[in-house]
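Read-outs throughout are calculated quantities, based only on the coordinates presented, and are distinct from any laboratory measurement. On a predicted model such as this, the values are computed, not experimentally measured, just so you know. Here the Cβ positions follow ideal geometry from the backbone for every residue, glycine too, while neighbour counts run over all protein chains shown.
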Amino acid sequence: MRQLLRSLPALSGTAPAFDPEAAPDDPLELFSAWFATAVEHRVPEPHAATLATADADGRPSARVLVLKDVGPDGFAFATDARSAKASDLAANPRAALGFWWQPVLRQVRVEGTARHLGVEASADDYLARSPASRAAAAGVRPGEPLTSVDELRAAMSDARARIDADPAFVLPSWQAWLVVPDVLEFWQGSPDRAHVRLVYRRDADRWSHGLVWP
Ligand SMILES: Cc1cc2nc3c(=O)[nH]c(=O)nc-3n(C[C@H](O)[C@H](O)[C@H](O)COP(=O)(O)O)c2cc1C
């Protein structure tokens, strides 16, 4: 492994132009611009982010999920209330999101506080999913021991039959969440290692930003 790891290239993407002096005051505006650039450069699944949480004892964990929305209020995602991330957030709402867009050498880091968006937003999110994806969510018991993948497929297929029979069914444990950010970092990698780190911090309702050393 040691040899293999050291033989692999890092920072092999191509950095688009970025002038931190011209960055907007609002980091969500910069996030939208960087996201559009990632899509233009065909970054694979740029909406997949790593969400880090910690439980009540401070034990951290991280996993990938997809963003459902980004707006002035923050970063929305959806998950099952029975999942480890949802119980972490119920006990400790501090959360972080990480994006790595390799083709454009860009990393975005977000820190904030997560809040549950409520029953209506959760139901809307659930009903907007495809029937297969609703069945996949409804047929599982997140984190519980599973005997075999066949058992999983059978449970999903039962759930699909229930959903086809009742298309208005909403999984009660489905939850939409929002990470309300107070720190965002925009990291523009550079092949010569002069990486640019632009950090935004929120104090009350005002954002300030500045460069930090890489
Ligand atoms: C590309 C990708 C997208 C995913 N999207 C979601 C998602 O939107 N919501 C979700 O709960 N899990 C999603 N997952 C699964 C999570 O990574 C994770 O396995 C699951 O939510 C259980 O995590 P937890 O036990 O830490 O809560 C996704 C995984 C991948 C690789």
With respect to the numbered conditions (1) more than 12 Å from the ligand (Cβ to nearest atom); (2) in a strand (DSSP E or B); (3) surrounded by fewer than 17 Cβ atoms within 10 Å (Cβ to Cβ), which one is the sole condition not fulfilled by Ser32?
(2)
Go through (1) in a helix (DSSP H, G or I); (2) under 22 Å from Asp182 (Cβ atoms); (3) more than 13 Å from the ligand (Cβ to nearest atom); (4) not β-branched (Val, Ile, Thr) one by one and return the number of the condition Ala86 breaks.
(3)
Which of the numbered conditions does Val64 fail, given that it passes all the others? Conditions: (1) within 15 Å of the chain's Cα centre (by Cα); (2) hydrophobic (A, V, I, L, M, F, W, C); (3) surrounded by 18 or more Cβ atoms within 10 Å (Cβ to Cβ).
(3)
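Being within 30 Å of Leu105 (Cβ to Cβ) and among the polar types (S, T, N, Q) narrows it down to one of Gln175, Gln188, so name that one.
On the way: Gln175 fails: within 30 Å of Leu105 (Cβ to Cβ).
Of the residues listed, the single one that is within 30 Å of Leu105 (Cβ to Cβ) and among the polar types (S, T, N, Q) is Gln188.
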Would you be able to say whether some residue in segment 114-134 is over 21 Å from the mean Cα position of the chain (by Cα) and buried (at least 16 other Cβ atoms within 10 Å of the Cβ)?
no
Could you please tell me which pairs satisfy a Cβ distance under 7 Å, a separation of 6+ or placement on different chains, a first residue in segment 71-98 that is among the β-branched types (Val, Ile, Thr), and a second residue that is buried (at least 16 other Cβ atoms within 10 Å of the Cβ)?
Thr79/Leu65; Thr79/Lys85; Thr79/Ala86; Thr79/Gln175; Thr79/Trp177
Subset of segment 176-200 [in contact with an Asp or Glu (Cβ under 7 Å, 6 or more places away or on another chain) and within 28 Å of Thr79 (Cα to Cα)]:
Ala176, Leu178, Val180, Pro181, Asp182, Val183
Residue in segment 41-60 that is under 26 Å from Pro214 (Cβ atoms) and in a helix (DSSP H, G or I) present:
no
Of those in segment 136-174 that are closer than 18 Å to Leu65 by Cα and in a helix (DSSP H, G or I), the residue nearest to the chain's Cα centre (by Cα) is Ala137
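Which members of segment 135-171 meet the condition of being touching a residue at least 60 places away in the same chain (Cβ under 8 Å) and surrounded by 13 or more Cβ atoms within 10 Å (Cβ to Cβ)?
Quick first cut of segment 135-171, residues touching a residue at least 60 places away in the same chain (Cβ under 8 Å) only: 140, 142-143, 171.
Those that are touching a residue at least 60 places away in the same chain (Cβ under 8 Å) and surrounded by 13 or more Cβ atoms within 10 Å (Cβ to Cβ): Val140, Pro142, Leu171.
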